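The values are calculated or read from the model by the stated rules, or taken from the named source; none is laboratory data. It should be emphasised that the depicted structure is a prediction, and the values quoted were computed from it without experimental measurement. Counting neighbours? That spans all protein chains shown, and the Cβs are built from the backbone with ideal geometry, glycine included. Only protein heavy atoms, including side chains, enter the accessible area calculation; ligands, DNA and RNA are left aside. Shrake-Rupley method; radii C 1.70, N 1.55, O 1.52, S 1.80 Å.
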Amino acid sequence: MRLILMRHGETEWNAEQRLQGQDNSLLSERGVAQVRRFRPYAKALKPVRIIASDLGRTRQTVALIGHPDAPTDVRFRELDMGEWTGRRKPDLIAERPEDYAAWRAGTFTPANGETWGAFRGRVAEGVHDWMSRTEGDLLIVAHGGVVRAACHEFLDLPPSRVVPVTPGTATILHFPRRGSMAAQLEGYNIGSVAPDESVAD
């Protein structure tokens, strides 16, 4: 079976280079366009089950790909960034470059934030749960951090080695045997990306 992880479309905070964590902002116009371009891909992939994070930007995304009634799961929320929520990446890099680099690597946690280990654990728990109940391919509409956590858990790729995925794209993990948690990377950052688009947290 395949695990298809779609990142939500670009949000207004993404465009401003602000860390969102578990706060929320609406999809930008570009984000809506990204998701609409992805809709034919989602249909062609033919997942038998679709789940979404319960945050607003993922619920907006899953509705735009044609599944407004898809169930949600809090385990697929983005990493809680604590006191860094709402901060602009360029400001953090300028003020605390070593801490920012360590946070990206999963070895530093901002005050009141969620540790990488706890985050990875809850994402893995959610994936195990839904895969055990799904006969066929599973599509989860979630966040960039969730993609990195899944790559760490199932591909043994730590976050420091994973380039952030572009909003409105999919990453596909293939599990050769049902019940096996050792995956193969089938595709990364898949989607219809406009020439001027780049990755953004």
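Numbers below:
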quantity: Pick from segment 51-60, criterion touching a Leu at 6+ places or on another chain (Cβ under 9 Å) and open to solvent by 10 Å² or more (accessible area, probe 1.4 Å), ranking: nearest to Met1 (Cα to Cα); calculated: Gln60
quantity: Complete set of residues in segment 103-131 that are part of a helix (DSSP H, G or I), of a type in the set (A, V, I, L, M) and in contact (Cβ under 8 Å) with a residue 24 or more places away in the chain; calculated: Val123, Ala124, Val127, Met131
quantity: Residue list for segment 98-130, restricted to those being closer than 20 Å to Arg161 by Cβ and hydrophobic (A, V, I, L, M, F, W, C); calculated: Ala101, Ala102, Trp103, Ala105, Phe108, Trp116, Phe119, Val123, Ala124, Val127
quantity: Any hit, segment 183-190, residues being out of contact with any Asp or Glu (no Cβ under 7 Å at 6 or more places or on another chain), assigned to a helix (DSSP H, G or I), open to solvent by less than 30 Å² (accessible area, probe 1.4 Å) and modelled with pLDDT under 95; calculated: no
quantity: Single residue of Val48, Val35 found to be within 14 Å of Ala142 (Cβ to Cβ) and either open to solvent by less than 60 Å² (accessible area, probe 1.4 Å) or touching a residue at least 60 places away in the same chain (Cβ under 8 Å) (or both); calculated: Val35
quantity: Hits in segment 69-99 (condition: over 19 Å from the mean Cα position of the chain (by Cα) and of a type in the set (Phe, Trp, Tyr)); calculated: none
quantity: So Val163, is it surrounded by 24 or more Cβ atoms within 10 Å (Cβ to Cβ) and either at pLDDT below 95 or of a type in the set (Val, Ile, Thr) (or both); calculated: no
quantity: Members of segment 19-32 that are touching a residue at least 12 places away in the same chain (Cβ under 8 Å) and open to solvent by 80 Å² or more (accessible area, probe 1.4 Å); calculated: Leu26, Arg30
quantity: Total residues in segment 90-105, condition within 19 Å of Arg148 (Cα to Cα) and either in contact with a Lys or Arg (Cβ under 8 Å, 6 or more places away or on another chain) or loosely packed, with under 14 Cβ neighbours inside 10 Å (or both); calculated: 3
quantity: Those helices (runs of 4 or more DSSP H) lying entirely in segment 23-102 with at least 1 residues small (Gly, Ala, Ser) and modelled with pLDDT under 95; calculated: 29-45
